[in-house]
């Protein structure tokens with residue numbers, strides 16, 4: 001009986017224990033599940049282990065958004081349960097690179113991710129915000145079903161935290177394997193003919209956790225058949241950076257985009273709108289500047305208030321000390337623009353803490369926006385930013401400042417101002433001169449990081465003659481916007497003392513920042529659109545507040561890069577007058593005992609480059625079409641052809657300043673110091689470039705359309721072609737000798753006419769993407785009949801001129817032209 005009682009007692013105990021465990025699981029939820037899971041056999045490779053067996057005593061832990069544990073060579077994420085299903089932005093950049101492969105800091109990919117638990121695994125999913133419908137609408141379910149989130153990677157759960165509020169996974173494979181979304185992008189792999197990643201030469205460098213982000217650095221080595229450097233290795237090695245940033249739980253209020261005010265923006269197809277089609281809504285990328293609750297009444301009264309959170313930029317510790325104050329000034333120059341938006345001290349520059357003050361401070365931490373100083377030969381600077389795709393909120397921005405941007409500034413300043421500016425007459429500027437130029441570029445790049453794109457339509461607002469006026473330029477600068485490429489004042493002449501030489505934060509910049517950042521209280525994003533429209537209409541008739549987009553292939557001559565003033569012909573004539581003053585002084589202004597003539601060659605090339613820009617600025621008027629953005633409540637056309645008088649004037653400028661041999665550019669004292677030969681070829685290339693630009697399929701199509709729409713009052717294709725031919729071949733009517741430069745130009749003309757007769761329009765992909773081209777079906781247009789007629793006219797003139805000329809080389813040239821034209825018109829003859 002005792003034995004039976006023992007077994008009965010034991011059975012009841014076991015049953016009770018099982019029952020108690022079941023009750024505990026229901027009561028404690030995940031904690032109980034974790035405890036049960038930890039008791040699974042350890043020989044199961046997928047088994048969830050006790051926390052201490054995974055995160056061992058030798059683990060090195062970095063605490064932040066997640067706990068990041070390093071255990072020997074493995075890296076573990078300990079993800080709090082509260083962060084599962086939260087959206088995070090992953091930004092992939094090149095951190096370190098080899099020669100010829102991009103640049104450090106170059107962004108390669110951006111995507112939104114979310115971590116999800118499913119059974120014994122954690123999924124890393126890619127989230128898209130390209131399509132949307134409010135979750136309160138019936139169509140939301142359809143949007144979700146058509147927007148399934150792909151799984152980027154899966155991780156077996158290794159353990160749960162001791163309090164069962166976090167999940168541990170091993171993320172080592174995510175960074176050591178070839179996960180393309182986190183590494184070198186496909187377009188670059190194709191360029192260098194990359195075949196595979198070599199895992200033996202790839203590894204994790206660091207994984208660091210910060211309060212709002214996790215920063216991963218990992219080295220990737222790819223086998224490549226066409227590496228741009230270190231060819232002997234047959235491979236490319238890069239250090240990649242992945243920034244995973246927690247997005248705000250409550251997205252910032254959007255501000256909707258309007259093309260009449262230039263702004264970086266993002267789009268989303270919204271299926272929940274009350275419309276009979278799916279529509280893309282666009283909203284601004286901007287910092288979250290909000291009024292403090294205690295300052296709302298002050299703000300309403302028009303008083304300046306400090307925002308809840310300032311925009312702060314730190315200047316990289318690696319920046320040479322003499323340039324730091326100027327970079328800071330460029331940042332804080334934007335204070336005046338934010339004051340127009342109602343904020344004081346909205347944007348400030350700071351020195352980063354020293355390593356002693358804060359050993360954990362890092363420019364990679366998403367909490368800090370940094371002007372990064374890069375030891376690179378790239379003569380440039382850029383200002384990318386990272387923003388929340390749900391709202392457009394800018395979360396962080398780093399300005400990449402390359403060392404050789406100073407070389408670029410020196411060259412620009414020299415070639416555009418040396419004729420009137422002693423400070424620019426040399427190849428090494430004083431620190432205060434270079435510092436002022438650095439401040440200018442700093443302010444321009446900061447403009448990009450706060451949301452503003454280039455405004456190439458700004459500089460046309462100022463009359464050319466006003467750019468010679470000291471009082472006007474000191475007050476308004478050389479353009480209404482520092483976001484234009486209106487570098488330095490090439491219009492001003494030596495007698496224009498006291499004139500300003502560069503733009504500042506101008507009227508357009510203040511207006512744009514006010515339009516984008518001034519809070520409109522107590523209104524939703526949709527409701528405030530009416531107020532924003534009123535602000536635009538209030539400035540609509542003033543050219544200082546116009547936005548003109550950057551073009552890839554110029555159609556609108558009033559929205560060009562590197563131009564100044566409202567009249568390209570007048571401005572370019574002034575610019576050429578200054579170049580004619582610079583060329584005779586190039587040797588003196590670049591001289592230094594004991595050095596060679598490399599600087600002389602560079603600066604002569606800069607003169608030729610500036611001269612080319614003037615030709616481009618004027619050429620764009622021929623067949624040009626102005627683009628002034630408007631809405632239905634504004635009068636007038638959006639697109640308007642350039643007046644015929646301006647087009648004819650532009651053609652005459654090109655004949656006078658370029659196609660008539662520019663003798664002032666031909667300086668034997670320069671050429672005999674920098675080259676054994678090439679001066680003739682250099683000028684030929686300059687003339688041919690502009691000639692081909694004039695004889696462009698798209699430009700010719702616009703001339704045809706202009707005449708079709710506006711009749712005989714237009715400057716049509718035949719008008720342009722006749723003026724071009726008679727100017728380039730002006731020697732024929734009188735039998736004059738044709739010099740070497742003109743002979744080259746005339747042959748270039750015939751070559752281009754052959755191209756127009758035989759080739760089709762080839763539109764570069766960049767032009768297609770940004771709309772900077774006029775498409776035409778050449779074989780079915782009037783282009784070839786006009787070209788054929790012009791060739792026949794030229795052939796008659798050439799044949800008549802052969803007998804008139806007494807110059808042997810000119811006769812040979814004309815006989816050759818005649819044969820070339822015959823082959824074009826009758827290739828089988």
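The values are calculated or read from the model by the stated rules, or taken from the named source; none is laboratory data. Note that the structure is a prediction, hence the values are computed from the model and not measured. Methodologically, a virtual Cβ is constructed for each residue, glycine included, from the backbone with ideal geometry; neighbour enumeration extends over all protein chains shown.
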Query - Test: residue in segment 689-700 that is out of contact with any helix residue (DSSP H, G or I) (no Cβ under 7 Å at 6 or more places or on another chain) and closer than 23 Å to residue 823 by Cβ - result: no
**Report entry** Candidates 597, 604, filtered to the one that is under 16 Å from residue 675 (Cα atoms) and either surrounded by fewer than 19 Cβ atoms within 10 Å (Cβ to Cβ) or at pLDDT below 95 (or both)
**Finding:** 597
**Report entry** Within segment 163-202, considering residues that are touching a residue at least 40 places away in the same chain (Cβ under 8 Å) and part of a helix (DSSP H, G or I), the one nearest to residue 234 (Cα to Cα)
**Finding:** 188
**Report entry** Lone qualifier among 583, 625 - being under 30 Å from residue 460 (Cα atoms), surrounded by 15 or more Cβ atoms within 10 Å (Cβ to Cβ) and touching a strand residue (DSSP E or B) at 6+ places or on another chain (Cβ under 7 Å)
**Finding:** 625
Report task. With respect to residue 442, determine if the residue is part of a helix (DSSP H, G or I), under 30 Å from residue 285 (Cβ atoms) and in contact with a helix residue (DSSP H, G or I) (Cβ under 9 Å, 6 or more places away or on another chain). Result -> yes
Query raised in the report: What about residue 724, is it crowded, with 20+ Cβ neighbours inside 10 Å, outside any loop (DSSP other than H, G, I, E, B) and under 37 Å from the mean Cα position of the chain (by Cα)?
Result: yes
Requested in this report: May I ask you to say which residue of 698, 685 is outside any loop (DSSP other than H, G, I, E, B) and touching a residue at least 60 places away in the same chain (Cβ under 8 Å)?
Outcome: 698
Query raised in the report: Going by the structure shown, is residue 421 closer than 23 Å to residue 312 by Cα and either out of contact with any strand residue (DSSP E or B) (no Cβ under 8 Å at 6 or more places or on another chain) or in contact (Cβ under 8 Å) with a residue 24 or more places away in the chain (or both)?
Result: no
Query - Residue among 393, 357 that is surrounded by fewer than 20 Cβ atoms within 10 Å (Cβ to Cβ) and either closer than 26 Å to residue 452 by Cα or without any contact (Cβ under 8 Å) to a residue 12 or more places away in the chain (or both) - result: 357
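Among the residues of segment 445-464, what is the count of those that are under 21 Å from residue 384 (Cα atoms) and part of a loop (DSSP other than H, G, I, E, B)?
So the answer is 7.
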Query raised in the report: Do we find a residue being at pLDDT below 80, outside any strand (DSSP E or B) and within 32 Å of the chain's Cα centre (by Cα) anywhere in segment 148-162?
Result: yes
**Report entry** Matching residues, segment 701-721, being surrounded by fewer than 19 Cβ atoms within 10 Å (Cβ to Cβ) and not in a helix (DSSP H, G or I)
**Finding:** none
Query raised in the report: For residue 634, all conditions in the list (1) crowded, with 19+ Cβ neighbours inside 10 Å; (2) out of contact with any strand residue (DSSP E or B) (no Cβ under 8 Å at 6 or more places or on another chain) hold save one; what is the number of the exception?
Result: (1)
**Report entry** Given (1) in contact (Cβ under 8 Å) with a residue 24 or more places away in the chain; (2) surrounded by fewer than 18 Cβ atoms within 10 Å (Cβ to Cβ); (3) within 20 Å of residue 508 (Cα to Cα), index of the condition residue 448 fails
**Finding:** (2)
Report task. Select from segment 754-778 the residues that are modelled with pLDDT under 85 and part of a loop (DSSP other than H, G, I, E, B) and list them in ascending order. Result -> 762, 763, 764, 771, 772, 773
Query - Qualifying positions in segment 474-509 - buried (at least 24 other Cβ atoms within 10 Å of the Cβ) and not in a loop (DSSP other than H, G, I, E, B) - result: 508, 509
Query raised in the report: So which residues in segment 399-419 are out of contact with any helix residue (DSSP H, G or I) (no Cβ under 8 Å at 6 or more places or on another chain) and assigned to a strand (DSSP E or B), if there are any at all?
Result: 400, 402
Query raised in the report: Counting only residues that are farther than 22 Å from residue 394 by Cβ and touching a residue at least 12 places away in the same chain (Cβ under 8 Å), which one in segment 510-541 is nearest to the chain's Cα centre (by Cα)?
Result: 536
Query raised in the report: Got a number for residues in segment 227-246 being in contact with a helix residue (DSSP H, G or I) (Cβ under 8 Å, 6 or more places away or on another chain) and within 21 Å of residue 199 (Cα to Cα)?
Result: 5
Query raised in the report: Within segment 236-247, can one find any residue that is over 28 Å from residue 389 (Cα atoms) and assigned to a helix (DSSP H, G or I)?
Result: no
Report task. Within segment 297-312, count every residue that is within 36 Å of the chain's Cα centre (by Cα) and either part of a helix (DSSP H, G or I) or surrounded by 12 or more Cβ atoms within 10 Å (Cβ to Cβ) (or both). Result -> 10
